[in-house]
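Engineer: Before I ask anything, here is the structure I am working with.
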Amino acid sequence: MTDLTLFQLVGVFLFSVGTFGLIWRKTLVGMLIALELMINGAGLSIVAAAQLTRGDAVTGQLAALFVMGLAAAEATLMLAIILVVFKRFKHSKAHGISRMRG
């Protein structure tokens, strides 16, 4: 088994665990953590493919920085949404949120 295969398998595992967590978690914070796992799995796969193939390593590193920036922006936005939901509904359960206005 090559290093690239190993890193890709770890990336797929992280993405799969994140998908499972996103489907089965009930709270918005748990869903946020699962989404971060999915993004980290994708970033790991991008960096591994760029470093361990004949492609340009700098391009992979720039793509990883872009993925990290997206993850930071997504986390900031989701935490703001979670705070608004908690302030309005007094809980952070995903199934109990039926409307945002009214």
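Engineer: Using the alpha-carbon atoms, what tilt in degrees (0 to 90, nearest 10) does helix 3-24 show relative to the longest principal axis of the chain?
Structural biologist: The helix 3-24 is inclined about 10 degrees to the chain.
Engineer: Can you give the calculated 222 nm mean residue ellipticity of the chain, where each DSSP H run of n ≥ 4 adds -39,500 (n - 2.57) and the sum is split over every residue, rounded to the nearest 500 deg cm²/dmol?
Structural biologist: -28000 deg cm²/dmol
Engineer: Tally Lys/Arg at +1 and Asp/Glu at -1 over every other residue whose Cβ is under 14 Å from the Cβ of Met38; what's the total?
Structural biologist: Cβ neighbours under 14 Å give a net charge of -1.
Engineer: Turning to a different aspect of this structure: On a full-extension model of 0.36 nm per residue, what is the gain between Ala80 and Ile23, subtracting their alpha-carbon distance, rounded to one decimal in nm?
Structural biologist: Working it through step by step, the gained length comes to 18.4 nm.
Engineer: On each of the three principal axes of the Cα atoms of the chain, give max minus min coordinate, whole Å, ordered largest first.
Structural biologist: 56, 25, 14
Engineer: Net charge near Ser16, counting Lys/Arg +1 and Asp/Glu -1 over other residues with Cβ under 15 Å of its Cβ?
Structural biologist: Summing Lys and Arg as +1 and Asp and Glu as -1 gives 0.
Engineer: Under the 0.36 nm per residue contour assumption, what length would be gained going from the current alpha-carbon distance of Ala49 and Thr2 to full extension?
Structural biologist: Gain on extension, Ala49 to Thr2, equals 15.7 nm.
Each reported figure results from applying straightforward, stated rules to the coordinates on display, with no laboratory input. As the structure is a computational prediction, the values presented were derived from the model and not from experiment. Heads up, the Cβs are rebuilt from the backbone with ideal geometry, glycines too, and the neighbour counts pull from every protein chain shown.
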